[in-house]
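The values are calculated or read from the model by the stated rules, or taken from the named source; none is laboratory data. Just so we're clear, the structure is a prediction, and the values are computed from it rather than from any experiment. Heads up, the Cβs are rebuilt from the backbone with ideal geometry, glycines too, and the neighbour counts pull from every protein chain shown. All accessible areas refer to the heavy atoms of the entire protein, side chains included, with ligands and DNA or RNA removed. Shrake-Rupley method; radii C 1.70, N 1.55, O 1.52, S 1.80 Å.
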Amino acid sequence: MKKGKGMEFVGDSRITADKKKFIPKDYSEYPGKTEAFWPNFLLKEWLVGAVFLVGFLCMTVAHPAPLEKMADPTDAAYIPLPDWYFLFLYQLLKYEFASGPYNVIGAIVIPGLAFGALFLAPFLDTGSKRRPIQRPISTTLMFLGIISVIWLTWEAASHVEWETRAEENKPVLEQEVDINTEDPGYAVYEQSCISCHGENLQGGAAAPSLIGIEYDVDEIKDIAVNGINTMPADQFEGSEEELQQLAEFIVSVNEEAE
Amino acid sequence: MLQKIYDWIDERVDITPLWRDIADHEVPEHVNPAHHFSAFVYCFGGLTFFVTVIQILSGMFLTMYYVPDIENAWRSVYYLQTEVAHGQIVRGMHHWGASVVIVMLFLHTLRVFFQGAYKKPRELNWMVGVSIFFVMLALGLTGYLLPWDNKAYFATQVTLEIAEGVPYIGEMAKTLLSGDPEIVGAQTLTRFFAIHVFFLPAALFALMGAHFILIRKQGISGPL
């Protein structure tokens, strides 16, 4: 039985009718010092892999994966940012020649040409020479590509205030806390605190959330009068009795939220 | 005992050639860092594969907790991150692995490029490799949305706007990806989940299979 390109097989198996077996070259016929892949070389690869894994796990433990606040499509102030390996494309789209009416150039034409050339490299660089110095055009183009990707990534990343960004977007589990607005403490809260800490104690641009804090009544009283961190002193205006009501109210909300 | 099991199977299915294809071959001197330290550049491909295995395994465990739905996606990730034993480490491995795999792929691509190893007869394998790079970038892109936090949501919105900008097929492509011509929402999340967990890994496995078969078939490129 004869099949494709003159190969002959036994029945419909993949065993060739031609008895001549493919015999690989003997070890001694290779130039230089070859090594058996199994098990000698694989053992070394295994060791390299183990070292790599330890390093990788150290990084994982030292830097937990970031998570921001739950997506809020109404948050118009949020500045979008892609993962770092897309920053160069994101940066490219910021330039005048590649955005607005020329968006197609930045989004399709330039990346398409670059990655298309990468994909078709074997057909663009058809010479038989392999050393980088012997094929200056492809080497130069590749260097230009790498340098522009690194530069674009740098341009995009250096304008981002990573720490402020991470701080502002810390995840908060939004618990549904019923805030008793009838509470006498809430009336006091409305007078002194609401402008910064918000209607539902959720915090705002100038002040943190008051839900999930770990202060007791006396500490809250002290903070309301003397301030803390960026909160100035004397924010509270009212009597000692109102101060007590306010602190007890905030603690009660926190107890409910737990 | 093991030998007997092997012989029993080998007698019926003739697995020795298969074994030979996978493991029984010589590693030439010029790629062996034990002989020439500069040959460590040949490790990047293997490390890419290693990180890909980490990604597959950690991803499999992540899906045990992750819920692809806009109400629960973020909460499930938050729960995994804060409550589940070792959840932070498994998610950390998947998160950092996504970056490391891109770095390794980049280095591997540069090694092959600057050595001119893509030249005849290895043109096909080069194109398979570049396709793996694209699939990996797409995996990063789709995986970025899944935690459903602000950064995920707004980055995806921008991505979809870019997709929309493609002439002729832009709007269709956007609708295909996000499930709606306007809204980035519940449909988008489930579609990105399906693409990230089923479609792209399927493509990745097929391409990696082709990549490895071609390497074994053609052997590694010779020294410069």
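Things worth noting here:
- Restricting segment B:82-100 to residues that are of a type in the set (A, V, I, L, M) and more than 10 Å from chain A (Cβ to nearest Cβ), the residue that is most open to solvent (accessible area, probe 1.4 Å): B:A85
- Members of segment B:63-81 that are open to solvent by 30 Å² or more (accessible area, probe 1.4 Å) and either closer than 16 Å to A:L53 by Cβ or without any contact (Cβ under 8 Å) to a residue 60 or more places away in the chain (or both): B:M64, B:Y65, B:V67, B:E71, B:N72, B:R75, B:Y78, B:Y79
- Selection count where residues are part of a helix (DSSP H, G or I), within 18 Å of B:T142 (Cα to Cα) and within 12 Å of chain A (Cβ to nearest Cβ), scope segment B:58-76: 5
- Criterion violated by A:G106 - all others in (1) more than 25 Å from B:A163 (Cβ to Cβ); (2) facing chain B (nearest Cβ under 10 Å) satisfied: (1)
- Number of positions in segment A:156-185 that are of a type outside the set (K, R), within 30 Å of A:V251 (Cα to Cα) and open to solvent by 50 Å² or more (accessible area, probe 1.4 Å): 14
- Only listed residue being within 26 Å of the chain's Cα centre (by Cα) and acidic (D, E), chosen from A:E167, A:E182: A:E167
- Residue satisfying condition, being more than 9 Å from chain B (Cβ to nearest Cβ) and surrounded by fewer than 17 Cβ atoms within 10 Å (Cβ to Cβ), within set A:T126, A:T153, A:T140: A:T140
- Qualifying positions in segment B:114-126 - within 20 Å of the chain's Cα centre (by Cα) and surrounded by 19 or more Cβ atoms within 10 Å (Cβ to Cβ): B:N125, B:W126
- Residue that is farthest from the other protein chains (Cβ to nearest Cβ), among those in segment B:1-57 that are open to solvent by 60 Å² or more (accessible area, probe 1.4 Å) and among the acidic types (D, E): B:D7
- Of the criteria (1) closer than 26 Å to B:Q187 by Cβ; (2) β-branched (V, I, T); (3) open to solvent by 40 Å² or more (accessible area, probe 1.4 Å), which one B:V103 fails: (1)
- You will find that of A:P73, A:P132, the residue that is within 8 Å of another protein chain (Cβ to nearest Cβ) and over 26 Å from the mean Cα position of the chain (by Cα) is A:P132 and no other.
- For A:K94: the one exception among (1) within 28 Å of A:S158 (Cβ to Cβ); (2) over 24 Å from the mean Cα position of the chain (by Cα); (3) of a type in the set (D, E, K, R): (2)
- Going through (1) surrounded by fewer than 19 Cβ atoms within 10 Å (Cβ to Cβ); (2) closer than 27 Å to B:Q88 by Cβ; (3) not aromatic (F, W, Y) one by one, A:P101 falls short only on (2).
- Residue in segment B:174-187 that is surrounded by 15 or more Cβ atoms within 10 Å (Cβ to Cβ) and touching a residue at least 60 places away in the same chain (Cβ under 8 Å) present: yes
- Remark: B:K174 matches the filter, which requires a residue to be closer than 30 Å to A:Y78 by Cβ, more than 20 Å from the chain's Cα centre (by Cα) and more than 11 Å from chain A (Cβ to nearest Cβ).
- Unmet criterion (only one of (1) part of a helix (DSSP H, G or I); (2) within 30 Å of B:D21 (Cα to Cα)) for B:H196: (2)
- Counted residues, segment A:218-243 - those being surrounded by fewer than 16 Cβ atoms within 10 Å (Cβ to Cβ) and in a helix (DSSP H, G or I): 7
- Some residue of segment B:157-164 being within 21 Å of A:A71 (Cα to Cα), touching a Leu at 6+ places or on another chain (Cβ under 8 Å) and more than 9 Å from chain A (Cβ to nearest Cβ): yes
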